[in-house]
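Colleague: Below you will find the structure I want to go over with you.
Taken together, the values in this text are just the output of simple stated rules run on the coordinates, not laboratory data. Quantities reported herein were computed from a predicted structural model and do not represent experimental measurements. Note: ideal-geometry Cβ built from the backbone for every residue, glycine included; neighbour counts use all protein chains shown.
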Amino acid sequence: MMTLSNSLAHADVAHQLHPFTDARAFEQNGPLIIDHGQGIHVFDSTGKKYIEGMAGLWSVAVGFNEPRLAEAAYKQFQKLPYYHTFSAKSHEPSIKLSEKLAEMAPEGLNHVLYCSSGSEGNDTVVKLVWYYNNALGRREKKKFLARTNAYHGITMASGSLTGIAVDHKDFDLPILPVIHLTCPHFYREGTAGETEEQFTARLLKELEDTIAREGADTIAAFIGEPVMGAGGVLVPPKGYWESVEAICRKNDILIVADEVINGFGRLGTTFGAAKMGFTPDIMTVSKQITSSYMPLAAIVFSDAIYEAVADNSHKIGAFAHGFTAAGHPVATAVALENIAIIEERDLVGNAARLEAPFQSGLRAFADKPLVGEVRGVGLMAAVELVADKATKAKFSKSGQVGQIANRIAHEEGLILRAIGDTLALCPPLIVTEADVAEILRIMGVVLDRTA
Ligand code: PLP
């Protein structure tokens, strides 16, 4: 007789197309069905316990069974389970969250526009920026600058900003006027004999040359994750972001910080841009805003953008953009409670305090035979596995060793994310020093068993 998990697995294979999954391999192997969560742990349908070393999808700050979020959702479901924010309608949770985000954001970013996912968020950023430039009569100023290996989502516009080749392949992306500049990852992009300073200078020259070639009057914005996540946890060199900011300011190019992973404490600061030393005009936030208990994203933008957009909406008669679920009352109520928990428990400070044991513990694996580079900031990190440490040569079949490590990690009770042959970690912000030590112990076992 089939067990419940087997019948669920059969139904899953029969009916669900899974994101970022090889569908034919999935038909053979089936899903890992997660049944319930507790703190930093999740349990699969056989009862096996795992440390969720990726906080889900880089997103569950407060752990997997926070009762206050369940209560906040239930209370709001009972009071007003749905209302919208079109046509001057509003509701208290969306108003209070907007006020809170403006208070938390860098000075001058006082305006909020909601949607339900990071992808929709960055899609909306493109529309907002185009609308802004059209409002100012700058109809040619439309191109976006992004970076290779960036992940900004998968919709037509956000997927175009994404700079990961496999995310474009056979989806006919990019469709936007977007220029992907070299990703600021010295280990992979630095050339033989080049110092990190020379590498940074080369990237900044590439930015300046691109602006000169295309014309600043055709470039609307530079978008970037302060520290890149899905591309493999790629940390830019010191001084990179400050200089990018200076060049963009000089050329009247808006700076968009994609804080979808970095935001709400991941790097040990409330937002990643502060840690990386720059101030954006626009931020996209999502994931840890609700600990992903409810789908929600927000675009937080400057007074200057607001003024032009407000004028134009008045001229046209409406700001004709919005989603049925934008600013959903339950999602925004959950976000307010989640942010309250992050503040009360000082989870941003916790990430800052645990950065040293977490990052230095992982760097202690640098000598292991398969390890090419260990990198990260705050509570996000990655260990890149290579075929040859000296030459940095990759494995002949990309991702195969990463998958082996991923399977071993599951056996050892740790969920990590294999990005090709790079093993990413991004634990919930509620981790303790003892939890970090346990993650490091298991990582050591995983690396030894994979070798
Ligand atoms: N931006 C960044 C930096 C992300 O990491 C992600 C998702 O991982 C997105 C945007 C897209 O968010 P979503 O999956 O909610 O559409």
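Colleague: Given H placed on each backbone N at 1.01 Å, which residues far from R417 in sequence or on other chains put an amide H within less than 5 Å of it?
Modeller: It is A424, by chain and number.
Colleague: May I pose another question? How do 211-219, 405-413, 285-293 rank on mean C-beta neighbours within 10 Å, highest first? Please list the in-between numbers first.
Modeller: Values: 211-219: 14.3, 405-413: 17.6, 285-293: 26.2.
For the peptides 211-219, 405-413, 285-293, the packing ranking is 285-293, 405-413, 211-219.
Colleague: Okay, moving on. Return, for the Cα atoms of the chain, the radius of gyration and Dmax in Å, separated by a comma.
Modeller: Values for the chain (Cα only, Rg and Dmax): 22.0, 69 Å.
Colleague: Could you sort 174-186, 40-52 so that the peptide with the highest average Cβ count within 10 Å comes first and the rest follow in order? Don't skip to the answer; put the middle values down first.
Modeller: Values: 174-186: 18.8, 40-52: 16.8.
Packing proxy ranking, top to bottom: 174-186, 40-52.
Colleague: For every other residue with a beta carbon closer than 11 angstrom to the beta carbon of K275, add +1 if it is Lys or Arg and -1 if Asp or Glu, then tell me the sum.
Modeller: Details: positive: R266; negative: E259, E355.
Neighbour charge sum, excluding K275 itself: -1.
Colleague: Same structure again: Return the whole-Å distance between the Cα centroid of the stretch 334-412 and the Cα centroid of the stretch 197-227.
Modeller: The distance from the Cα centre of the stretch 334-412 to that of the stretch 197-227 comes to 28 Å.
Colleague: Something else about it: Which length gain, in nm to one decimal place, applies between K392 and A318 when the Cα-Cα distance is subtracted from 0.36 nm times their residue separation?
Modeller: Details: separation 74, 0.36 × 74 = 26.64 nm, distance 5.45 nm.
Stretched fully, the K392-A318 segment lengthens by 21.2 nm.
Colleague: If the reach is capped at under 13 angstrom between alpha carbons, list the aspartates and glutamates near K142, excluding any in the same chain fewer than eight residues apart.
Modeller: Once the sequence-local aspartates and glutamates are set aside, what remains near K142 is E214, D217, D252.
Colleague: I need the Kirkwood Rh of the stretch 116-240: take the reciprocal of the average 1/r across all distinct C-alpha pairs and report it in angstrom. If you can, show how the numbers build up before the last one.
Modeller: Working: mean 1/r = 0.0656 Å⁻¹.
Hydrodynamic radius (Kirkwood, Cα pairs) of the stretch 116-240 is 15.2 Å.
Colleague: For the stretch 159-298, what ratio Rg/Rh do Cα atoms give with a Kirkwood hydrodynamic radius?
Modeller: When Rh is taken as the Kirkwood radius, the ratio is 0.96.
Colleague: Still on this structure, I have one more. Which aspartates and glutamates have a Cα lying under 18 Å from the Cα of K397, excluding residues fewer than 8 positions away in the same chain?
Modeller: Hits, sequence-local ones excluded: D22, E384, D388, D421.
Colleague: Can I ask one more? Given H placed 1.01 Å from N in the peptide plane, which residues other than close sequence neighbours of K143 have an amide H under 5 Å from its amide H?
Modeller: Here I219, A220 satisfy the definition.
Colleague: Filter the cross-link list K169/K275; K169/K389; K275/K392; K96/K287; K141/K287; K205/K368 down to pairs whose alpha-carbon distance in this structure exceeds 26 Å. Could you put the intermediate results ahead of the total?
Modeller: Details: K169/K275 33 Å; K169/K389 30 Å; K275/K392 29 Å; K96/K287 19 Å; K141/K287 30 Å; K205/K368 36 Å.
K169/K275; K169/K389; K275/K392; K141/K287; K205/K368, as the Cα separations exceed 26 Å there.
Colleague: While we're here: Could you order peptides 62-70, 80-88, 327-335 by the average number of other Cβ atoms within 10 Å of their residues, highest first?
Modeller: Details: 62-70: 17.3, 80-88: 12.8, 327-335: 26.3.
Per-residue mean Cβ counts within 10 Å order the peptides as 327-335, 62-70, 80-88.
Colleague: A further question follows. Count the net charge of all other residues whose Cβ sits under 14 Å from the Cβ of Q198, scoring Lys and Arg as +1 and Asp and Glu as -1. Don't skip to the end; give the middle numbers.
Modeller: On the way: positive: R202, K205, K238; negative: E189, E194, E196, E197, E206.
Charge balance in the 14 Å sphere: -2.
Colleague: Can I ask one more? In percent, what relative contact order does the stretch 261-366 have, based on Cα pairs under 8 Å that are 6 or more apart in sequence?
Modeller: 33
Colleague: If each residue's Cβ is checked for other Cβ atoms within 10 Å, how do F171, F20 rank with the fewest at the top? Spell out each step's value before the answer.
Modeller: On the way: F171 13, F20 9.
Going from least to most buried by this count: F20, F171.
Colleague: Sticking with this structure for a sec: With Cβ to Cβ distances under 10 Å as the rule, what net charge do the other residues near V445 carry (K, R +1; D, E -1)? Could you put the intermediate results ahead of the total?
Modeller: On the way: positive: R441, R449; negative: E411, E412, D448.
In short, -1.
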